[in-house]
Amino acid sequence: MPHALVIGGSLGGLFAANLLHSIGWTVEVFERVGDDLASRGAGIGTHEEMLDIMHRIGITVDASIGVHPLSRTCLNTSGQTHHKMPRPRILSSWGRLYRALKDAFPEKNYHFNKTLLSFSEDPDGVTAYFADQSQAHGDLLIGADGIRSSVRAQIMPDVKPQYAGYIAWRGLIPESSLPTALHAEIFAHNMVCYPDGDAMTMYAVPGPNNDVREGHRAYNWVWYHPVEESRGLADLCTDQSAHCHGTAIPPALIRPELIQTMRANAHRLLAPQCAQIIDLTPDPFFQAIFDLSSPQLVQGRALVLGDAAFVARPHVGMGVTKAALDAECLADALKHHGLTDTALALFNRRQVLFGNRVIARARHVGAHLGAQATKAPETWTEEERHQDPVRMMIESGTRLRDVPQLIELVLENRRAPGG
Ligand SMILES: Cc1cc2nc3c(=O)[nH]c(=O)nc-3n(C[C@H](O)[C@H](O)[C@H](O)COP(=O)(O)OP(=O)(O)OC[C@H]3O[C@@H](n4cnc5c(N)ncnc54)[C@H](O)[C@@H]3O)c2cc1C
């Protein structure tokens, strides 16, 4: 029985692990973090094609998977409705998807506290070397270790994430903490606000313990805001002891005055409903937004998938779905061709094409935000100069099945999984 070593036990790693397990492989997952990741909280927009893959793994996908908003409503900066349209996608949470995928996988084969340092290949397969001095040997090594992937660094040292020129402030508040009037106005809807230079989206997701009962859910928000890299981002990532953490800082170390400034900016720039939600959030955090694309996904018997391979700007809500589709394509290729160069070349060809198309679409949707901090105004294209709220609503809310250049590749993979 072939044996896969999956590096990274987040959603991409768990999709790959479950799917390979389902085709008869022995799979072991190695995760750097020391305990259950389910408390990582953030909203995740789903696509039906990702839910299909959960179903294929044997996970029950029912109404508890997420919250279905009644509408997508765009507010202007005074708080009045500018435009309203249906919101067809289910909004779930990272923890809800993780719990389902983790519980579907054999517990004894999932190893916490295992940080991959490097790997080597020989005629018998691949050996992974971990920080605790342990080793593991398998036939295939799958790097699902995220945007700063150690596996990618070894296969393609020159491929690095490119800062997109803006960050996402994020937060999650319990449903019960919304004042009654604000709850009645916004909770059942995906509210967005797109003033020139900024973009805000907020929506209900499952609450603690993945609860979707009324009163027990949570309200998730993401505010995209331009920040210049060398001074602005570096300052945001500098803690109270003047230590700069690079381009990401643990949420607990964000300086309180930066959070105060962020809240004040929200009142200045966004609809009052958005600023109120931000004020109600005790512990907002941020992530810098990056583009990452890899020219190849496979080298020998090692490969990368999910965010380790491509990272698209989050406006199209495709990160988890793409990781699931990468894993599906890999499992199908291995099922049809066994562990051969043919199988890995098929995976590589299909998912490089898919990844590039997702990146291009997400860049286009985020073009206005990206230009704000990275380009001189006189060089902005029309698309970069003005943000059309209705276009943003349509393009960021579209289902995968309604994006022809993407769905044609998914359907081709599913029609002819062996190529
Ligand atoms: C603001 C924002 C909003 C988003 N919204 C959405 C959305 O609505 N819908 C959506 O689908 N996606 C969304 N995404 C993207 C989504 O979160 C990611 O695409 C997705 O989580 C990728 O999963 P992954 O498993 O590939 O990588 P990750 O989730 O980054 O997991 C990598 C794992 O590898 C582990 N690891 C790293 N290095 C090592 C090592 N050396 N050894 C062992 N383990 C290691 C890490 O601890 C981690 O658990 C959003 C992203 C952002 C920033």
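Residues that are away from the ligand (no atom under 15 Å from the Cβ) and of a type outside the set (A, V, I, L, M, F, W, C) were ranked within the stretch 64-75; the one that is surrounded by the most Cβ atoms within 10 Å (Cβ to Cβ) is Thr73. Being in a strand (DSSP E or B) and either more than 23 Å from Gln299 (Cα to Cα) or near the ligand (Cβ under 9 Å from one of its atoms) (or both) narrows it down to one residue among Leu117, Leu141; which is it? The unique qualifying residue is Leu117.
The numbered conditions (1) within 14 Å of the ligand (Cβ to nearest atom); (2) over 30 Å from Arg301 (Cα atoms); (3) hydrophobic (A, V, I, L, M, F, W, C) are all true for Val61 except (1). Residues that are out of contact with any Ser or Thr (no Cβ under 7 Å at 6 or more places or on another chain), more than 7 Å from the ligand (Cβ to nearest atom) and over 25 Å from Leu344 (Cβ atoms) within the stretch 1-44 comprise Gly34, Asp35, Asp36, Ala38, Ser39, Arg40, listed in sequence order. On the given criteria, is Ile155 among the hydrophobic types (A, V, I, L, M, F, W, C) and in contact with a helix residue (DSSP H, G or I) (Cβ under 8 Å, 6 or more places away or on another chain)? Answer is no for this residue.
For the stretch 100-151, a residue qualifies if it is on the phi > 0 side of the Ramachandran plot and over 28 Å from the mean Cα position of the chain (by Cα), and the qualifying residues are Gly125, Gln133. Consider Gly146 carefully, then state whether it is surrounded by 15 or more Cβ atoms within 10 Å (Cβ to Cβ), touching a residue at least 12 places away in the same chain (Cβ under 8 Å), within 14 Å of the ligand (Cβ to nearest atom) and not assigned by TED's automatic domain parsing to the domain that holds Asp279. When the stated conditions are applied, Gly146 passes them.
Return the residue satisfying two criteria in turn: it lies in the stretch 278-337 and is assigned to a loop (DSSP other than H, G, I, E, B) and within 11 Å of the ligand (Cβ to nearest atom), and of such residues it is modelled with the lowest pLDDT. By that ranking, first place goes to Gly317. In the stretch 259-266 there is at least one residue that is in contact with a His (Cβ under 9 Å, 6 or more places away or on another chain), of a type in the set (S, T, N, Q) and away from the ligand (no atom under 16 Å from the Cβ).
Working only within the stretch 1-19, note down all residues that are buried (at least 19 other Cβ atoms within 10 Å of the Cβ) and either touching a Cys at 6+ places or on another chain (Cβ under 6 Å) or assigned to a loop (DSSP other than H, G, I, E, B) (or both). Once the filter is applied, which keeps residues that are buried (at least 19 other Cβ atoms within 10 Å of the Cβ) and either touching a Cys at 6+ places or on another chain (Cβ under 6 Å) or assigned to a loop (DSSP other than H, G, I, E, B) (or both), the stretch 1-19 yields Gly8, Gly9, Ser10.
Among the listed residues Gly397, Gly366, which satisfies the condition of being surrounded by 21 or more Cβ atoms within 10 Å (Cβ to Cβ) and in contact with a strand residue (DSSP E or B) (Cβ under 6 Å, 6 or more places away or on another chain)? Just a single option satisfies the conditions, and that option is Gly397.
Inspect the stretch 349-362 for any residue being on the phi > 0 side of the Ramachandran plot and either in a helix (DSSP H, G or I) or not charged (D, E, K, R) (or both) and give the result as yes or no.
No.
Yes/no per residue for (1) under 26 Å from Val222 (Cα atoms); (2) in contact with a Pro (Cβ under 9 Å, 6 or more places away or on another chain):
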residue: Gly34; (1), (2): no, no
residue: Ala42; (1), (2): yes, no
residue: His47; (1), (2): yes, no
residue: Thr60; (1), (2): no, no
residue: His68; (1), (2): yes, yes
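Checking the stated criteria, Ser22 turns out not to satisfy the condition of being in contact (Cβ under 8 Å) with a residue 40 or more places away in the chain, surrounded by fewer than 24 Cβ atoms within 10 Å (Cβ to Cβ) and outside the structural domain of Asp145 (by TED's automatic domain parsing). Looking only at the stretch 21-29, decide whether some residue is assigned to a helix (DSSP H, G or I) and over 24 Å from Arg213 (Cβ atoms). Checked against the condition, which is being assigned to a helix (DSSP H, G or I) and over 24 Å from Arg213 (Cβ atoms), the stretch 21-29 yields at least one hit.
Which residues, taken from the stretch 365-396, are hydrophobic (A, V, I, L, M, F, W, C) and over 28 Å from Arg87 (Cβ atoms)?
Passing the criteria: Ala373, Ala376, Trp380.
The values are calculated or read from the model by the stated rules, or taken from the named source; none is laboratory data. Source: prediction; values computed, not measured. Counting neighbours? That spans all protein chains shown, and the Cβs are built from the backbone with ideal geometry, glycine included.
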